[in-house]
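Shown next, in structure tokens, is the structure this report addresses.
The values are calculated or read from the model by the stated rules, or taken from the named source; none is laboratory data. Treat the numbers as computed from the prediction; the structure is a model and nothing was measured. A quick note on method: Cβ atoms are made from the backbone with ideal geometry, for glycine too, and the neighbour counts reach across all protein chains shown. Note: accessible area is taken over every heavy atom of the protein model, side chains too, but ligands, DNA and RNA are not part of it. Shrake-Rupley method; radii C 1.70, N 1.55, O 1.52, S 1.80 Å.
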Amino acid sequence: PKNYTLAYKWWMLATKQNHPGATFSIGVIYNTGSGLPRDETKAFQWFKKSADLGEKYAYETLGDFYREGIVVRRNYKLAYRYYKKAALLGVTWAMYRSGLMAKKLAHLPVISSSAKRWFSMAADQGDRDAMFELGVVHAEGIGTLQNFVTAHMWLNITSSFGNVKARTYRDKIAKKMT
């Protein structure tokens with residue numbers, strides 16, 4: 001909206017009816033400082049209320065807060081939990097972020113195989129970063145058997161979109177295949 005002060009007024013009315021989208025929008029206003037002074041603590045509180053009401057983007061945003069340690073202690077397990085909730089509701093970026101957290105937490109037996117699954121889900125939605133990460137998990141055998149052919153395939157796909165890092169890694173993998 002162009003007039004955040006007016007939007008804030010209407011969204012606040014909607015929050016009294018437990019509207020998850022309006023509650024999330026109040027969090028965004030505080031998080032970005034659009035129309036009000038920026039206040040990450042208040043933003044977190046509104047995102048938490050919104051998540052409690054089932055707003056899928058609030059789950060993803062809470063994952064960001066926990067991953068980055070914004071107004072809360074950094075906690076990758078909680079970040080993963082919130083990303084996973086958003087991912088299960090169809091948020092592609094949260095699928096990718098769930099994969100990143102699962103990769104970071106791969107030392108935990110319950111989570112180790114999840115990275116590949118989340119990256120696959122996001123890649124199926126066209127997420128190019130997830131395609132790159134699929135190449136990495138296959139190349140390094142994170143939560144899956146090491147498979148240079150599959151790694152090469154994913155890195156080749158994402159390098160075709162101009163990802164230089166993927167191209168370099170793909171070429172490194174190709175040398176191991178010969």
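The calculated FRET efficiency for S113 paired with F161, based on their beta-carbon distance and R0 = 25 Å, is about 0.40.
Separation of region 118-154 from region 20-44 is 35 Å, based on Cα centroids. Spin-label model, N18 to L6: label points 7 Å out along the Cα-to-beta-carbon direction sit 3.0 nm apart.
Annotation: amide H of N147 within the under-5 Å range of A139, G141, sequence separation 5 or more or interchain, hydrogens built in the peptide plane.
Based on protein heavy atoms only, region 1-131 ends up with 53 Å² per residue of surface accessible to a 1.4 Å probe. Given the pairs K48/K85; K49/K104; K104/K176; K16/K48, which are separated by over 18 angstrom at their Cα positions? In this structure, K49/K104; K104/K176 exceed 18 Å between Cα atoms.
Heavy-atom surface analysis with a 1.4 Å probe gives the chain a carbon and sulfur content of 53 percent of its accessible area.
The shape of the chain comes out prolate: with a ≥ b ≥ c from the C-alpha gyration tensor, a/c is at least 1.5 and a/b beats b/c.
Taking 20 °C and 1.002 mPa s as conditions, region 1-71 diffuses translationally at an estimated 181 µm²/s according to Stokes-Einstein applied to its Kirkwood radius (Cα pairs). With an a/c value of 1.5 or above and a/b not larger than b/c for the gyration tensor axes a ≥ b ≥ c computed over the alpha-carbon atoms, region 122-178 is described as oblate. Exposed loop sites, defined as trypsin sites (Lys or Arg not before Pro) outside DSSP H, G, I, E and B with at most 10 other Cβ atoms within 10 Å, are absent from the longest region of the chain, namely 74-178. Against the main long axis of the alpha-carbon atoms of the chain, helix 114-124 sits at an angle near 80°. Per-residue extension of 0.36 nm, minus the Cα-Cα distance of R74 and E140, leaves a gain of 21.2 nm for this segment.
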